[in-house]
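Single-structure report; data block below.
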Amino acid sequence: MTTESFKMFCDLVNSQSFTKAAQMNGVTQSAVSQKLFGLEKTFKSPLIKRRKQKFQLTREGQVIYDYGKQIIRINELLHSKMRGLKELISGTIQVATIYSIGLHELPPYVKKFMKIYPTVNVHVEYRGSRQVYEDVMSNVVDLGLIAYPVKSSKLETIPFGKDPLVIICHPHHPFAKKIGIKLKELSGQEFVGFESEIPTRKAIDKILNQYQVSVKYVMEFDNIETLKRAVEIGAGISIVPQCTVSQQIAQNTLVAVEIKDEQFFRPIAAIYKKSRVLTPAMNEFLATLKSGA
């Protein structure tokens, strides 16, 4: 016995008309009669008293009507619950990110996302730039977060921000008293930088070459945190994304000085393999990145 049978019977009782019950269910009057006959056959009892001028339920019909309404209601609740489960954003998102984005850019996005979707677990792993690409391509992670994204026919790239580049130095360095510095003033300065294969290093070298500036690299590191420590102890100056030094500036362990020639930015983006099927959670996380923190 189907829920449809109980619904048609209840509609018939409520409307007291085979014609109206048929219209309410998009079927013929004959179909309503067949459903009624099916119920009577199943329960081996007449359910309505067939009189020309009056529609009246039998005792058995009243019982079927009362319980039928409950069955219909439970069926509606069940379907509503199942729709809710399908629409629930849940699961785990595996993210690989370079250190500077993971430590300084990503946290407010994750906080915003988790507030809306608390049932999703965002698992973050810190990697070098090359490893992020490899992890995405080999399906080790769902998404990668990188700077200066490289175009690839096998990857989707979702830009979600850009960081101003600033010159940083120790508070006692002569540059610390300046409001802005032209790049040519960096010539001959002792410089702390990223390792040569890191995209941000390549971009900074390109900027310096463009302005015909030659600096003395005294230290090279693979992550922003160690680089900042070196500048904090006075090993040299550097150029970094502004967001990565906000805490040190507030604590007065570093000073950030604007580049006067023009404003340079470090673009950041999320990447994922084009062949990868995105889960609802992944789609919503990407939407959060694009909407801003």
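Quick note: the coordinates plus some simple rules give every number you see, no bench work behind them. Everything numeric here is computed off the predicted structure, so don't read it as measured data. Cβ placement follows ideal geometry from the backbone for every residue including glycine, while neighbour counts extend to all protein chains displayed.
Does the stretch 163-267 come out rounded, prolate or oblate, given a ≥ b ≥ c as the square roots of the eigenvalues of its C-alpha gyration tensor, rounded meaning a/c under 1.5 and, failing that, prolate meaning a/b above b/c?
Taking the square roots of the gyration eigenvalues as a ≥ b ≥ c, the stretch 163-267 is rounded.
Say the cut-off is 21 Å between C-alpha atoms; which of LYS112/LYS273; LYS151/LYS184; LYS184/LYS216; LYS162/LYS274; LYS162/LYS260 go over it?
As for pairs spanning more than 21 Å Cα to Cα, those are LYS112/LYS273; LYS151/LYS184; LYS162/LYS274.
If you take the beta carbon distance between PHE55 and LYS81 as r and set R0 to 22 Å, what does 1/(1 + (r/R0)^6) give as a FRET efficiency, to the nearest 0.05?
0.05
Can you list the aspartates and glutamates whose alpha carbon is less than 15 Å from that of LYS69, not counting same-chain residues fewer than 8 positions off?
Within the straight-line limit of under 15 Å, LYS69 reaches these aspartates and glutamates: GLU4, ASP11, GLU60.
Below 17 Å, Cα to Cα, which aspartates and glutamates can LYS154 reach? Residues fewer than 8 away in the same chain don't count.
Reachable aspartates and glutamates: GLU134, ASP135, ASP142.
Could you give me D for the stretch 3-87, from Stokes-Einstein at 4 °C and 1.567 mPa s, where the hydrodynamic radius is the Kirkwood radius over C-alpha pairs? Units µm² s⁻¹, please.
Rounded, D is 96 µm²/s.
With 25 Å as the cut-off, how large is the P(r) tail for the chain, expressed as percent of Cα-Cα pairs?
Beyond 25 Å sits 63 percent of the P(r) for the chain.
I need the GluC sites (Glu not before Pro) found in the stretch 140-195, filtered to DSSP loop residues with at most 15 other beta carbons within 10 Å of theirs.
Here the GluC sites (Glu not before Pro) that fit, given the DSSP loop and packing criteria, are GLU195.
Add +1 for every Lys or Arg and -1 for every Asp or Glu among the other residues with Cβ under 9 Å from the Cβ of MET137, and state the total.
0
Quickly estimate the mean residue ellipticity at 222 nm for the chain, helices only: each DSSP H run with n ≥ 4 gives -39500 (n - 2.57), and the total goes over all residues, rounded to 500.
Result for the chain: -13000 deg cm²/dmol, rounded to the nearest 500.
Using a 10 angstrom cutoff on alpha carbons, build the Gaussian network for the chain and name the most mobile of ILE167, ILE101, ILE207.
ILE207
Where does the charge balance sit around GLU225 when Lys and Arg score +1, Asp and Glu -1, over other residues with C-beta under 15 Å from its C-beta?
Within the 15 Å Cβ shell, the charges total -2.
With a sphere of radius 14 Å drawn around the Cβ of PHE43, what net charge do the other residues whose Cβ falls strictly inside it have (Lys, Arg +1; Asp, Glu -1)?
The answer is +1.
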